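Novice: My questions all concern the structure below.
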Amino acid sequence: MKENTTLKNVARGTFNETKVDDGFFVLSYQNESQLVETLEREIDSSFIQFHFCIKGAAAFLFNNGSYTLNIQDETSLLLYNPQRDLPIHLQVDANTWLVSLLISIKKFHGLFSQEADYITFLSDDNKDKKYYKDGRISPSMSIVLNQLIHYNLNQSIKNLYFKGKAYELLSLYFNRNEDANVEQCPFLVDETNVIKIRKAKDIIISRMAEPPSLQELADEIALSLKKLKEGFKQIYGDSVFSFLLDYKMEVARKLLESGDHNVNEVGLKVGYSTSSHFIAAFKKKYGTTPKKYIQSVN
């Protein structure tokens, strides 16, 4: 797509698109229906595409459907092919949320000019080659993605907010610490252990108000405490309870925005027996109290 080309929509799907900078766009889409929906958008070969599936699943169709790339719940997909255009043709499953960043290679090089050795496809040897990478969405990335989906701010500052969040998301995507040595880690070679760690994540989320202790969690997934700690950090980029705290605070933020619950009720729902402890945790995470947050979004 040339930068001033208008968005092309088909079927029932319509991207929510925000231009955050020259050559930099944020697309988001929520399929809240029970139907598979189709999305299309023209993109030319000068753009790098970052796609994030917050929940649900979708399929990218190429060459009139002859080739498919799937993107699943809590995963990301980077696409770049300087030799040919890669227009978006997406089939989005029911109850799926997606966020995509489209950034021109020229702008992208300007951001990472000193990082060519680290970011493989920026090197001179690879600049004319296609590049594909899938990965997991880290907890910190998940928070930013949900903020892009659920923003509730004055329209006059929407572009500024999206610009900040889009650059934050890129920085988290390329954060060396979260992906350090994952490919060399023998733990991740064992798919059985990976499945167990993902089960542990599902357990603490489903029981966030009264989560098991680390030892109880390790026993439940039949993994040693050491492997639980190490594996969770390697897969999700955070400790078990730090991940859970981020998740609880994000749930609390959404509950407060809905207006259906008061501060005490929200605190109880995410596992705080006293409102003072919840207020303190919320303020530490977001820099404001729940009450002031409600006032800001209303």
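Novice: What is the sum of charges, Lys and Arg at +1 and Asp and Glu at -1, for the other residues whose Cβ falls under 15 Å from the Cβ of Lys163? Could the numbers behind the result be given before it?
Specialist: Details: positive: Lys19, Lys107, Lys158, Lys165; negative: Glu17, Asp21, Asp22, Glu168.
Every neighbour counted, the sum reads 0.
Novice: Still on this model: Which whole-Hz ³J(HN,Hα) couplings does region 30-41 yield from phi under the Karplus relation 6.51 cos²θ - 1.76 cosθ + 1.60, θ = phi - 60°, glycine and proline marked x?
Specialist: Calculated HN-Hα couplings, in order: 10, 8, 8, 7, 9, 10, 6, 10, 10, 10, 9, 7 Hz.
Novice: Taking the highest mean first, how do the peptides 97-105, 132-140 order by number of other beta carbon atoms within 10 angstrom per residue? Don't jump to the answer; show the numbers that get you there.
Specialist: Details: 97-105: 22.3, 132-140: 17.0.
Output ranking for 97-105, 132-140: 97-105, 132-140.
Novice: Considering only the other residues whose Cβ falls under 13 Å of the Cβ of Ala252, what net charge follows from Lys and Arg at +1 and Asp and Glu at -1?
Specialist: Numbers: positive: Lys248, Arg253, Lys254, Lys269, Lys283, Lys284, Lys285, Lys291; negative: Asp246, Glu250, Glu257, Asp260, Glu265.
In short, +3.
Novice: Within a Cβ distance under 14 Å of Ser213, other residues only, what is the Lys/Arg minus Asp/Glu net charge?
Specialist: On the way: positive: Arg207, Lys229; negative: Glu210, Glu216, Asp219, Glu220.
Neighbourhood net charge equals -2.
Novice: Moving on to the next point. Just to be sure I understand the model, the point goes 7 Å from the Cα along the line to the Cβ. What's the resulting Thr192 to Lys269 distance in nm?
Specialist: Simple spin-label model gives 4.0 nm for this pair.
Novice: At 1.4 Å probe radius, can you tell me the per residue accessible area of region 21-75 in Å²?
Specialist: On the way: 2150 Å² over 55 residues.
Per-residue accessible area for region 21-75 comes out at 39 Å².
The values are calculated or read from the model by the stated rules, or taken from the named source; none is laboratory data. From a predicted model like this one, the values you see are computed outputs, not experimental measurements. As a convention, Cβ positions derive from the backbone with ideal geometry for all residues, glycine included, and neighbour counts pool all protein chains shown. These area figures cover heavy atoms from the full protein model, side chains too; ligands, DNA and RNA do not enter into them. Shrake-Rupley method; radii C 1.70, N 1.55, O 1.52, S 1.80 Å.
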